[in-house]
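What follows is a set of notes on a single structure, which appears directly below.
The values are calculated or read from the model by the stated rules, or taken from the named source; none is laboratory data. Note that the structure is predicted; figures quoted are calculated from it, not measured. Note that we place each Cβ from the backbone using ideal geometry, even for glycine, and neighbour counts take in every protein chain shown. These area figures cover heavy atoms from the full protein model, side chains too; ligands, DNA and RNA do not enter into them. Shrake-Rupley method; radii C 1.70, N 1.55, O 1.52, S 1.80 Å.
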Amino acid sequence: MEKNIMAAPLDTSLFNLSGRTALITGSVRGIGQALADGLAAAGARIVVNGRREAAVAAAVDRLSAQGCAALGSVFDVSDEASVIQAFEALDAQGIEVDILINNAGVQFRKPMVELAVEDWRRVVDTNLTGAFIVARQAARRMIARGRGGKIINIGSLTSEAARATVAPYTAAKGGIKLLTRAMAAEWAQFDIQANAIGPGYILTEMNTALIENPEFDAWVKSSNPAGRWGRPDELAGTAVYLASAASNYVNGQIIYVDGGWLSVL
Ligand code: GCO
């Protein structure tokens with residue numbers, strides 16, 4: 001006889017981020033700004049980050065005008081000294097980062113045979129090494145506090161497959177996928193969950209040149225089952241999930257928000 005196993009109704013409060021503080025690198029525009037909006041809507045206080053004081057201040061004002069709790073932290077993720085200084089400044093203000101989203105990233109498109117090592121290094125330093133530098137500071141504090149934490153790294157379709165002319169970005173985003181697993185391997189024991197989001201082709205400033213290129217635009221639309229570019233706000237739900245208690249048993253994963261691109265030949 002089939003046992004009537006009543007499933008407990010989902011406790012939707014698991015998705016509530018009230019009382020949590022989220023640092024989102026590169027959150028003055030684009031995907032980072034959309035993730036800030038999403039986590040703020042779920043109740044989190046947002047630490048906005050960028051490299052320029054004015055842009056960070058404007059982004060904080062924008063969130064505050066929406067009634068969200070927000071503050072700014074200006075640093076370059078690839079500059080270890082500035083990252084350490086920024087975390088020490090947060091410490092001094094009693095601000096504890098419960099959720100880190102490593103979103104900051106740059107793009108540089110050029111065939112490898114023409115690529116200068118300096119350009120390679122700049123992209124990898126920001127997109128991959130920067131994620132390590134910032135996560136190390138956050139994890140040290142999460143471990144010391146003893147109440148766990150959430151780390152979300154932003155990958156890419158290029159975490160799985162390569163596109164010509166974006167080798168340093170591809171190498172870095174491939175590294176993000178496995179760095180996420182390395183974080184899970186070392187920090188799960190401290191109740192830290194480290195996961196990644198792999199956006200498809202999203203309508204962002206970084207992709208303006210591609211969006212405005214009719215051939216590229218047609219390629220994107222014909223290459224994913226959704227038949228369109230994604231919007232930055234379409235990434236926020238996955239970020240809230242990975243930032244929340246609803247994902248406490250999820251670690252080392254990458255979730256592709258790509259219109260089905262990677263799933264369909
Ligand atoms: C490019 C784009 C991509 C997208 C995204 C795709 O030049 O191909 O910039 O890298 O930004 O990463 O997932």
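Applying the Karplus parametrisation 6.51 cos²θ - 1.76 cosθ + 1.60 with θ = phi - 60° to the phi angles of the range 221-238, what ³J(HN,Hα) value in whole Hz is obtained for each residue in order, glycine and proline being reported as x?
The phi angles translate into 5, 8, 9, 10, x, 5, x, 7, 6, x, 9, x, 5, 6, 8, 5, x, 5 Hz.
In the range 60-167, which GluC sites (Glu not before Pro) fall in coil by DSSP and have 12 or fewer other Cβ atoms within 10 Å?
Those that pass, being in a loop and sparsely packed, number zero.
Which longest uninterrupted range of the chain lacks any trypsin sites (Lys or Arg not before Pro) assigned by DSSP to a loop state (not H, G, I, E or B) and surrounded by at most 16 other Cβ atoms within 10 Å?
Working: sites that count: 3, 29, 52, 109, 147, 163, 228.
Between exposed loop sites, the widest span is 164-227.
Normalise the Cα radius of gyration of the chain by 2.2 N^0.38 Å (N = residues in it) and let me know the number.
Working it through for the chain, the quotient is 1.02.
Run through the range 172-265 and list the GluC sites (Glu not before Pro) located in a DSSP loop whose Cβ has at most 10 other Cβ atoms within 10 Å.
Hits after loop and neighbour filter: 212.
Once each part is reduced to its C-alpha centroid, what is the distance from the range 237-265 to the range 93-119 in angstrom?
20
Looking only at 180, 129, 204, which one moves most when the chain is put into a Gaussian network model with springs between Cα atoms under 10 Å?
Greatest mean-square fluctuation among the candidates belongs to 204.
Give me the percent of accessible area attributable to carbon and sulfur for the range 76-173, probe 1.4 angstrom.
53
What whole-number value in Å² describes the accessible area per residue of the chain for a 1.4 Å probe?
On a per-residue basis, 48 Å².
Karplus couplings for the range 140-155 from phi (6.51 cos²θ - 1.76 cosθ + 1.60, θ = phi - 60°), rounded to Hz, Gly and Pro as x?
Karplus values, whole Hz, x for Gly and Pro: 4, 6, 4, 5, 5, 6, x, 10, x, x, 10, 10, 10, 9, 8, x.
Is the shape of the range 73-150 rounded, prolate or oblate, going by the alpha carbon gyration tensor and its root eigenvalues a ≥ b ≥ c, with a/c under 1.5 for rounded and a/b larger than b/c for prolate? Mind showing how you got there, number by number?
Numbers: a/c = 3.36, a/b = 2.44, b/c = 1.38.
Prolate shape, in that a/c is at least 1.5 and a/b is the bigger ratio.
Taking amide H positions as placed 1.01 Å from N in the peptide plane, with prolines and chain starts having none, which residues 5 or more places from residue 106, or on another chain, fall under 5 Å of its amide H?
Those qualifying (amide H under 5 Å, at least 5 residues apart or on another chain) are 127.
Any chance you could look up the accessible area of residue 79 with a 1.4 Å probe, heavy atoms only, rounded to 10 Å²?
Accessible area of residue 79: about 70 Å².
Any chance you could count the Lys pairs in the chain whose alpha carbons are under 27 Å apart, treating pairs 8 or more apart or on different chains as valid? Could the numbers behind the result be given before it?
On the way: 110/173; 110/177; 110/221; 150/173; 150/177; 173/221; 177/221.
Lysine pairs meeting both conditions in the chain amount to 7.
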